[in-house]
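Here's the structure, in structure tokens; my notes come after.
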Amino acid sequence: MDTVWILVRQILQMFLLGALGYALFRTGKITNEGSKALGNILIYLALPSVIINGFLVGRTPERVTGILLSALAAAVLLVMSAAVARLFFRKDAIAAFAGAFSNPGFFGIPLIVASIGQGAVFYVACFIAFLNVGQWTYGVSILTGQPVLKGFAPKKLIRAPFVIAILIGLALFILQLPLPDVIRNTLSTVAGLNTPLAMFTVGVYLAQTDLLAMLKRKSAYAVAAVRLVAVPLCSFLLLSLLPPSLQDMRLALLLATACPVGSNVAVYAQLHGKDYPYAVETVVISTLFSILTIPGVFALATFFWR
């Protein structure tokens with residue numbers, strides 16, 4: 001139970017950071033341009049640093065097997081998530097997108113580090129990569145009604161910050177290249193920006209939302225139920241097939257699937273001329289309810305997987 005309380009405290013701290021972002025935007029201390037700048041720091045520096053840090057571990061046969069198994073498990077979990085969301089939201093493209101894709105990079109990694117340890121980030125790198133590929137292909141397809149691979153640009157994917165970070169991390173892991181302490185410390189410092197910047201961004205989203213309309217939108221609650229309850233429970237059942245010796249991997253991947261709606265649903269909705277406010281509402285509502293569901297899912301897993 002100690003680990004569950006660590007998760008609760010971490011989520012509460014993240015919500016307080018979100019409240020600060022809300023207050024800063026409302027008082028004009030953060031503008032729309034400023035929030036975009038924060039987003040760039042988050043995407044191009046903070047998250048890549050977190051991912052690279054996760055690969056700075058010794059190469060052992062167990063970890064090599066772990067990265068391969070985690071990649072396979074990530075693919076299965078994401079296909080399952082998309083199928084479950086599509087089953088519930090056949091006529092609501094934004095809800096299907098939001099229900100399928102969580103927020104493991106900005107929301108999940110801090111929770112994984114707090115509850116399992118920095119080394120467990122290693123197991124969600126492929127999940128983050130596959131999730132982003134899924135958003136750019138399947139996600140855009142359900143929003144636009146176009147074929148899955150239409151407009152998909154592999155060159156653009158390779159240049160994506162998270163992909164570059166994973167490739168660098170894999171190279172460091174496979175080759176076991178030593179990094180000077182000054183670089184390690186810099187990576188660690190920049191990685192520490194991930195949580196506050198991500199939650200400031202959520203706060204800015206909330207500050208631009210009609211709260212009364214958001215609270216009345218029943219479909220946003222349905223999205224939250226699928227994203228925070230249905231998908232994590234299915235993930236729990238699938239991950240239970242893995243042996244107990246892979247406990248850290250199971251817990252890390254479960255936390256990745258249990259995270260609230262990823263903020264990219266709002267980005268893609270805006271990009272393709274869809275209902276942007278509704279997309280933002282799914283992010284905010286699911287993030288609010290995750291304070292209850294994530295510790296609950298984690299407690300369930302630790303009880304049955306002990």
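Summary table
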read-out: The lone exception for Asn194 - which of (1) modelled with pLDDT of 85 or more; (2) within 26 Å of Gln13 (Cβ to Cβ); (3) buried (at least 20 other Cβ atoms within 10 Å of the Cβ) it fails; value: (1)
read-out: Inter-residue pairs, beta-carbon under 8 Å, first over 19 Å from Ala279 (Cα atoms) and in the range 75-96, second at pLDDT below 95 and surrounded by fewer than 20 Cβ atoms within 10 Å (Cβ to Cβ), 6+ apart; value: Ala75/Phe130; Leu78/Phe130
read-out: Residue pairs meeting the criteria (Cβ under 6 Å; at least 6 apart or on separate chains; first closer than 18 Å to Asp2 by Cβ and among the hydrophobic types (A, V, I, L, M, F, W, C), in the range 105-120; second modelled with pLDDT of 85 or more and outside any helix (DSSP H, G or I)); value: none
read-out: Test result for Pro277, without any contact (Cβ under 8 Å) to a residue 24 or more places away in the chain and surrounded by fewer than 18 Cβ atoms within 10 Å (Cβ to Cβ); value: no
read-out: The range 222-248, subset in contact with a Phe, Trp or Tyr (Cβ under 9 Å, 6 or more places away or on another chain) and modelled with pLDDT under 95, residue nearest to Ser35 (Cα to Cα); value: Asp248
read-out: Some residue of the range 211-219 being surrounded by 16 or more Cβ atoms within 10 Å (Cβ to Cβ), in contact with a helix residue (DSSP H, G or I) (Cβ under 7 Å, 6 or more places away or on another chain) and at pLDDT 90 or above; value: yes
read-out: Tally, over the range 108-119, of residues that are within 10 Å of Asp248 (Cα to Cα) and crowded, with 24+ Cβ neighbours inside 10 Å; value: 1
read-out: Members of the range 265-291 found to be farther than 19 Å from Tyr138 by Cβ and β-branched (Val, Ile, Thr), listed by number; value: Val280, Val284, Ile285, Thr287, Ile291
read-out: Helices (runs of 4 or more DSSP H) wholly inside the range 16-92 containing at least 3 residues that are surrounded by fewer than 21 Cβ atoms within 10 Å (Cβ to Cβ); value: 32-41, 61-88
read-out: Thr3, sole failed condition from (1) under 16 Å from the mean Cα position of the chain (by Cα); (2) more than 26 Å from Ala266 (Cα to Cα); value: (1)
read-out: Test for Val267: is it within 17 Å of the chain's Cα centre (by Cα) and buried (at least 16 other Cβ atoms within 10 Å of the Cβ); value: no
read-out: Residue ID - farthest from Thr195 (Cα to Cα), chosen from residues in the range 18-42 that are aliphatic (A, V, I, L, M) and at pLDDT below 90; value: Ile30
read-out: Residue count, the range 158-189 (criterion: of a type in the set (Gly, Ala, Ser) and not in a helix (DSSP H, G or I)); value: 1
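The values are calculated or read from the model by the stated rules, or taken from the named source; none is laboratory data. Every value quoted in this text rests on a predicted model; they were computed, and no experiment measured them. Using ideal geometry, Cβ is built from the backbone for each residue, glycine included, and neighbour counts are taken over all protein chains shown.
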